[in-house]
Every structure is written in C-alpha cells, then in structure tokens.
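The values are calculated or read from the model by the stated rules, or taken from the named source; none is laboratory data. Worth saying up front: this structure is predicted, and the values here are computed from it rather than measured. Neighbour counts run over all protein chains shown; Cβ positions are idealised from the backbone, glycine included.
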There are 2 protein chains.
Amino acid sequence: MEPAAARALLPVAVQEARAGLAEGGIPIGAALYAADGRLLGRGRNRRVQDDDPSMHAETAAFRAAGRQRTYNGTTMVTTLSPCWYCSGLIRQFGMSRVVIGEATTFVGGREWLAGCGVEIVVLDDAECRALMREFVAANPELWGEDIGEG
Amino acid sequence: MEPAAARALLPVAVQEARAGLAEGGIPIGAALYAADGRLLGRGRNRRVQDDDPSMHAETAAFRAAGRQRTYNGTTMVTTLSPCWYCSGLIRQFGMSRVVIGEATTFVGGREWLAGCGVEIVVLDDAECRALMREFVAANPELWGEDIGEG
C-alpha cells in the first residue's frame, strides 16, 4: 500500500485515540478495514474506562467488527505499533496489513509480523507521537500496567 | 511445576469448557491463577454466545481477572494449546507459566512461548482431547472461523 493511501486510513484511529484521551483513558485508537475499503470496526483502549485490560485499541476494533469468516485482505490501522497481544491477534486471524501511526514510543511485534508476511506501513505521524509521548510522560504507571510492565 | 500440581489446576478450565459446550459454544475454557494459587479469573470462548470473536478462553479469563499491576508468577491454565492471539497475550503481560490440557488438536504458539522463557506444561488430558475432537468434527466451519481459517 502506498503511504498516501495508508495515511488516508489513519483519521478514524486518531479520532478513537483522542476520544479515549478525553475520557481519561489511554490514547490509542484503531480501525479495521475490509479489502474493499469498508470500515468493519473501530475502537480504543478501554482499560481505564471499562476497567478492562483485554481491550487494547486493536482488540476493541476487532471486537467491534463482529464475527467475520475471513480477514484476508483486511487492514488493521492503529495509532501505535501493536504490542505482542495485538500482534498475535493480527497473525492468528491472517490480517493482510497493519498501518501504524507511530512506532517510536513503543516497539511491540511489528518486525515479527513482517517476518510472517504481514505488510507493515509505519507512518511516523507527529500527532500520534505527541499523543503517546505526552500521555506516557504524565502517566508512566498506567502505561506500564497496560503493557504488563507494572 | 510438577505435573501433579499442574493437573490440580485443570478442573476449573474444564468446567468452563463444558459450560461453553452446554451453551452451544466452542468448548475451550481457561483460568488464571496468581503466584500464591489464588484464582484471579476464569472464562470460556464466547464467540457463539456473545457473537464476540475477541473472547477466546484465555482472553476471557484475563478479562475476568480485571486490572492487575503484574502477572509475574501467574499461571494461565487452558484446555487447549493457546493460539497466536492468546500466546501474544501471555507474552506481553509476562505470565510465568501455561498449563495446557491438550495440544493434539491444535498447535498455536506454545513453542514460541517456551522460547520466550514461559514455562509450558502439556498435560495431554483425554477429556480435553475428546471435547475438542468431537466439537471440531461436528463443527468444522465454526472452528475454522474461531482461528481465522474460515
């Protein structure tokens, strides 16, 4: 996927991240798109809002998409490089592509996914970087909890 | 962990799997135990019951355990070898040990987890094997959907 096309998919995930921040949550958002460009589901980290550690942005978008027979051709868009939990989700369900807002503040499993044949596009988006950098600086314990480094 | 001690942790996960089967769901159950042996959370696959693809047995048990500051020393008990999604969960949150009822009907990420330093105990339990074997034979499409091979 061309960077411009990938960038065009980012706004919904950023909206989700900003909505999470406004709720007092961890500002990570995601959106899952079908091969034909339809939005299948969108979501955001819900650890704080729902006291639910299982809802990372990517798993929330996956959940919101409901049951699907195949994920072939789908694109998971996320504001932050996916952690191992979300990378495992992407691998298990055979998503084709991950568009990542930024991979500076967190590494996760993106190289592992690339090695598994998943197309990875890193946008290095300044807004995504600023969202996470400011949040992590102000809430280091909460961020540590969210990635199991509490 | 000694096999006898691991086996003693299996019944709650099997109860969850059987409850799922009785509900018309995919019969996989899990339970998360603290380092001191306390049961933190238990759950079962909820794809059918809740139309929720994100709730595998392990993620359901993780969710039920609520927010935890650390997973150091925890044991995830599951009736079936964890898929990549659930293996990623176990790695990201630094769980110490996985007790697996059976790893015959599905492989998943257990060797990868072992390579990451997670202790893996496979019980090769006949009841767990029979549960999955019968379910997969009767519901091959539903099982394929649950592991992204629809």
- What pairs can you find where one residue is in region A:51-73 and at the interface with chain B (Cβ under 7 Å from one of its Cβ atoms) and in contact (Cβ under 8 Å) with a residue 60 or more places away in the chain, the other is assigned to a loop (DSSP other than H, G, I, E, B) and not small (Gly, Ala, Ser), and their Cβ atoms are less than 7 Å apart, with a gap of 6+ or different chains? A:Pro53/B:Arg67
- Message: For A:Ser96, only one of the following conditions fails: (1) within 12 Å of another protein chain (Cβ to nearest Cβ); (2) more than 29 Å from B:Ala65 (Cα to Cα); (3) out of contact with any Gly (no Cβ under 6 Å at 6 or more places or on another chain). What is its number?
- Response: (3)
- Task: Output the residues belonging to region B:75-111 that are among the polar types (S, T, N, Q) and out of contact with any Leu (no Cβ under 6 Å at 6 or more places or on another chain).
- Result: B:Thr75, B:Thr78, B:Thr79, B:Ser81, B:Gln92, B:Ser96, B:Thr104, B:Thr105
- Kindly indicate which of A:Ala138, A:Ala103 is closer than 17 Å to A:Tyr85 by Cβ and either more than 14 Å from every other protein chain (Cβ to nearest Cβ) or polar (S, T, N, Q) (or both). A:Ala103
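How many residues, within region A:28-59, are assigned to a helix (DSSP H, G or I) and within 9 Å of the chain's Cα centre (by Cα)?
Restricting attention to region A:28-59, the residues satisfying the condition of being assigned to a helix (DSSP H, G or I) are A:47-50, A:57-59.
Checking which are within 9 Å of the chain's Cα centre (by Cα) leaves us with A:57-59.
Residues that pass the stated criteria total 3.
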- Task: Test A:Val48 against the stated conditions and say whether it is buried (at least 18 other Cβ atoms within 10 Å of the Cβ), over 30 Å from B:Gly108 (Cβ atoms) and at pLDDT 95 or above.
- Result: no
